[in-house]
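Read the structure below first, then the notes.
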């Protein structure tokens, strides 16, 4: 095997699929951005029930794991959503579901590491793809 062809790909597409199933979001419409606008407005809707609060916490925790290991593109969104775990409201639940819709449309993203071909100073084969 030629050393120049060694490539390691890291993505968590199976984990994303499991998340979508666990949170009953497999039929959601794909979103093009990870975060909704105006998350911090005064009117964030009603407080969530105890069971919805627990669901929100589970969703954010699952997304935090994903953001830390293979999806830096969702880090800001997860960070913002985690601020509301103590007292989430309807608008925050909509936002976390929006993030899951984004993941549905970008499930294949991850890291790709490969050995440089040493063809010059601009040879940078490692990428997020």
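Below are the figures for this structure:
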quantity	calculated
Sites residue 82 and residue 29 - FRET efficiency at Förster radius 25 Å, r taken between beta-carbons, to 0.05	0.55
Where Rh is the Kirkwood radius over Cα pairs, Rg/Rh for the range 35-104	0.94
Where labels lie 7 Å past Cα in the beta-carbon direction, separation of residue 51 and residue 75 in nm	3.7 nm
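Quick note: the coordinates plus some simple rules give every number you see, no bench work behind them. Not measured: the values here are computed from a predicted model. Note that each Cβ is placed from the backbone with ideal geometry, even for glycine, and that neighbours are counted across all protein chains shown.
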